[in-house]
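Student: Structure below; questions to follow.
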Amino acid sequence: MAAPSAEGVRGDSFFLWSAIAMALVIVAGFSLQLAMGRSSFAASPPLVHAHAIVFMGWVAIYVAQNALVARGSIALHRRLGWIAAGWIVAMCVLGCAVTLAMVREARTPFFFTPLQFLILDPVSIFSFAGLSVAAIVLRRQTDWHRRLHFCGMAILMGPAYGRLLPLPLLIPWAYEATFAAVMIFPVIGVIADLRRTGRVHPAWGWGIGTIVLVTLLLVESLSQSSIGVVLYQAATAGSPGAAVAPLAFPPFPPLAPHP
């Protein structure tokens, strides 16, 4: 990430408080699952722990980077930015590994079809990575840089929204509902630009366009196509997931008995 330009203090403040708000939504989503007993640290395999640490680490990096810009600590901001660039690689590897493991073990969330889950997680991760790399390339153009990072961060909020929304009640539109929630912060960014400058920065068009074209339309088309089915068969060959219908929603989990 790069130093701020002429956007000024108001722009710095907006991106900092937005980063904090995004982080709070993510923490709320995952904390809710723990509080309700739907997940636990003890029940998760080491791969999932590594995935969680790395992805939550990115949330901390994103907030820290915006805080460093807001306080004018540009040298430290730049050094941390190069660490963040390497962090993205680890996120892509672990994100895809966890998705593949869950699909092969037939443990996909029951409000997504197994094929949809296999497609949407890697596509979302690489969309985030693409926007983040573009932001790094344009690090000297702060107006582009910070908005592209903002849109990339918005994509990563999908799993948190999925834990806050009543997705079981939204089948078969659970993914579309999650996508609509992901769009909340980018739309807020557009509105903030209009209020602050009277125009919409073109970076929002590229960021939002990537979210719509890749994380929505590509996922929707692949998850309903014969190509997607072939990918699913290749990914699950020789595993319990191979016996699961890729285009059928898994059964609801059994209700926990009352104490």
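Student: Using helices alone, what [θ] at 222 nm do you get for the chain, with -39,500 (n - 2.57) per DSSP H run of 4 or more residues, divided over all residues and rounded to the nearest 500? Walk me through the numbers before you get to the answer.
Tutor: Details: 11 runs with 178 residues, N = 259.
After summing the helix terms and dividing by residue count, I get -23000 deg cm²/dmol.
Student: Given R₀ = 41 Å, what would the calculated FRET efficiency be for residue 110 paired with residue 199, taking r from the Cβ atoms and rounding to 0.05?
Tutor: 0.40
Student: Would you mind getting me the FRET efficiency between residue 28 and residue 252? Use the beta-carbon distance for r and R0 = 22 Å, nearest 0.05.
Tutor: Working: r = 24 Å, r/R0 = 1.10.
Calculated value: 0.35.
Student: Counting other Cβ atoms within 10 Å, which trypsin sites (Lys or Arg not before Pro) in the range 176-228 have at most 14 and lie in a DSSP loop?
Tutor: Within the range 176-228, the qualifying trypsin sites (Lys or Arg not before Pro) (loop, at most 14 other Cβ atoms within 10 Å) are 199.
Student: Hydropathy first: keep DSSP H helices in the chain averaging at least -1.0 on Kyte-Doolittle, then drop any whose Cα extent along the axis falls short of 24 Å, and list what survives. Don't jump to the answer; show the numbers that get you there.
Tutor: On the way: long enough: 8-35 (40 Å, 1.43); 46-71 (37 Å, 1.19); 74-104 (44 Å, 1.44); 114-137 (35 Å, 1.75).
Span-like helices, by this rule, are 8-35, 46-71, 74-104, 114-137.
Student: Could you do me a favour and compute the accessible area per residue for the range 102-259, 1.4 Å probe, result in Å²? All intermediate terms of the calculation are to be shown ahead of the outcome.
Tutor: Values: 7640 Å² over 158 residues.
Solvent-accessible surface per residue comes out at 48 Å².
Student: Apply the Debye scattering formula to the range 187-259, with a single equal point scatterer on each alpha-carbon and no solvent, then give log10 I(q)/I(0) at q = 0.15, 0.16 Å⁻¹.
Tutor: -0.73, -0.75
Student: Another question, if that's okay. Pull out a ≥ b ≥ c, the square roots of the eigenvalues of the alpha-carbon gyration tensor of the range 49-88, then state rounded if a/c is under 1.5, prolate if not and a/b is larger than b/c, and oblate in the remaining case.
Tutor: It is oblate, given that a/c is not under 1.5 and a/b is not larger than b/c.
Student: Please give the contour-minus-distance gain from residue 137 to residue 184: 0.36 nm per residue of separation, less the Cα-Cα distance, rounded to one decimal in nm.
Tutor: Numbers: separation 47, 0.36 × 47 = 16.92 nm, distance 2.56 nm.
Gain on stretching residue 137 to residue 184: 14.4 nm.
Student: Ok, one more. What are the extents of the Cα atoms of the range 136-259 along their three principal axes, listed from largest to smallest and rounded to whole Å?
Tutor: 54, 42, 21
Student: Oh, and also: From the square roots a ≥ b ≥ c of the eigenvalues of the alpha-carbon gyration tensor of the range 14-134, which class results: rounded (a/c under 1.5), prolate (a/b over b/c), or oblate?
Tutor: prolate
Student: I would also like to ask the following. Spin-label point model (7 Å from Cα, Cβ direction): what's the residue 217 to residue 49 distance in nm?
Tutor: 4.3 nm
Student: State, to one decimal in nm, how far the label point of residue 78 lies from the label point of residue 173, with both points 7 Å from Cα in the Cβ direction.
Tutor: Rounded to a tenth, the inter-label distance reads 4.9 nm.
Student: Given a 1.4 Å probe and every protein chain left where it sits, what share in percent of the accessible area of the chain is carbon and sulfur?
Tutor: Of the solvent-accessible surface of the chain, carbon and sulfur hold 72 percent.
Student: So what is log10(I(q)/I(0)) for the range 111-197 at q = 0.17 1/Å, when the Debye sum runs over its Cα atoms only?
Tutor: Reported log10 I(q)/I(0), two decimals: -0.76.
The values are calculated or read from the model by the stated rules, or taken from the named source; none is laboratory data. As the structure is a computational prediction, the values presented were derived from the model and not from experiment. Cβ coordinates were reconstructed from backbone atoms using ideal geometry, including for glycine residues, and neighbour counts include every protein chain displayed. The accessibility values were calculated without ligands, DNA or RNA, using every heavy atom of the protein model including side chains. Shrake-Rupley method; radii C 1.70, N 1.55, O 1.52, S 1.80 Å.
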